[in-house]
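Have a look at the structure below before the remarks.
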Amino acid sequence: MKKLLVTGSSGLIGSECVSHFDKLGWKVYGIDNNMRRDFFGPDGDTGWNLKRLQSNTKNFSTHNIDIRDRAGILKFFEEVKPDFVIHCAAQPSHDLAATRPFDDFDVNAMGTMNVLESARRACPESPLCFMSTNKVYGDAPNELPLKELETRFEYADEKDYPGINEFMRIDQSKHSIFGADKVAADVMVQEYGRYFGMKTACFRGGCLTGPAHSAAELHGFLAYLIKCAKEGRHYKIYGYKGKQVRDNIHSFDVCRLFEEFYKHPRCGEVYNLGGGRTNSVSMLEAIKMAEDVTGNKFDCEYIETNRIGDHICYISDLSKIKNHFPDWSLTKDLKTIFTEIASVK
């Protein structure tokens, strides 16, 4: 039986990977200490998701290990020697990072270093997927010329229409503390691939979403927005007239791409990962869709000041992914994503 090790196994992407590979007959080992509750409070608690996994899987075991515990991570990798590693554990909020920079760096940068070196020592031939972020580009995407439409901002130049590709620079821009920490992790994942010849890849995620998201105000844009619509919570829109654009990808489609990388691994690769042009939506458009899917009128407040380092219009160019993995494609459109999230009790 093949063995998969997933860090952040109770989170959005991690839990999807647990379920998917368990169904494929893998033995799945999860590492998660629910630090998300510490970061975000009750909204961020992933305990409910862990219980769901334990009830619905056959060959999954969970292990309460802190990703910052170097000795513990080294020991666990040596014991398991996984055939495949998916590293999702992270502090994911660029707003929260500014208030807890040491924790952010220790989890995102040093935690990734712990995983990489543990894998190099215990299972150097095993492919490793790292859940990176489009925040590695900082606010450089905002330098692209834009035009303002009725409900969204859009790229003004035709050449930019497919979205942001992997040649966008990652330095000389404002990242947020979170983005800078993820740059450190992202570059180190590449280096372990290029220097040591390990089969590693950074997947620079945009808006990752799905019904398994323990969304909070500081993280989990789409799931939190729909939660607010369902529960009548007050929601705050920060800047850009609510016309800022994101491309959303369902956690299931992320997981399927990781499976394709396992089948066709490469060394030290980077991929921009999101919903692409077809799954792009502005804040204003998302609010309308949330109202439609929940049947509730949205309670929101507009705040003129935008979030520091926020992208105005970010759409992932999926060309490289589709070229390297032709058997992969998006299976969940925006309507499906909204409906699935809204159906969670």
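Applying the criterion of being part of a helix (DSSP H, G or I) and of a type in the set (Gly, Ala, Ser) to the residues of region 1-59, the residue that is nearest to Leu225 (Cα to Cα) is Gly44. Is it the case, given these coordinates, that Tyr271 is under 22 Å from Ser132 (Cα atoms) and among the aromatic types (Phe, Trp, Tyr)? Yes, satisfied. Somewhere in region 79-89, is a residue under 20 Å from Glu260 (Cα atoms), of a type outside the set (A, V, I, L, M) and in contact with a Gly (Cβ under 7 Å, 6 or more places away or on another chain)? Looking through region 79-89, at least one residue is under 20 Å from Glu260 (Cα atoms), of a type outside the set (A, V, I, L, M) and in contact with a Gly (Cβ under 7 Å, 6 or more places away or on another chain). If you check Asp38, Asp103 for being out of contact with any Ser or Thr (no Cβ under 7 Å at 6 or more places or on another chain), at pLDDT below 95 and charged (D, E, K, R), only one passes: Asp38. What are the residues in region 137-151 that are touching an Asp or Glu at 6+ places or on another chain (Cβ under 6 Å) and under 15 Å from Asp317 (Cα atoms), if any? The one that is touching an Asp or Glu at 6+ places or on another chain (Cβ under 6 Å) and under 15 Å from Asp317 (Cα atoms): Leu144. Contact annotation: residue pairs with Cβ atoms under 7 Å, 6 or more positions apart or on different chains, pairing a residue in region 254-274 that is of a type in the set (S, T, N, Q) with a partner that is in a helix (DSSP H, G or I) and buried (at least 21 other Cβ atoms within 10 Å of the Cβ), are Asn272/Asn134. Of the residues making up region 124-182, those that are more than 23 Å from the chain's Cα centre (by Cα) and either closer than 23 Å to Ile86 by Cα or among the β-branched types (Val, Ile, Thr) (or both) are Pro124, Glu125, Thr151.
Could you tell me which residue of region 65-99 is nearest to Cys17 (Cα to Cα), considering only residues that are among the polar types (S, T, N, Q) and surrounded by fewer than 24 Cβ atoms within 10 Å (Cβ to Cβ)? This residue is Ser93. When region 259-283 is filtered for residues that are crowded, with 21+ Cβ neighbours inside 10 Å and in a loop (DSSP other than H, G, I, E, B), the ones remaining, listed by number, are Gly274, Gly275, Gly276.
The values are calculated or read from the model by the stated rules, or taken from the named source; none is laboratory data. This one's a predicted model, so the numbers in the text were calculated from it and none came from an experiment. Here the Cβ is made from the backbone with ideal geometry for all residues, glycine too, and neighbour counts use every protein chain on show.
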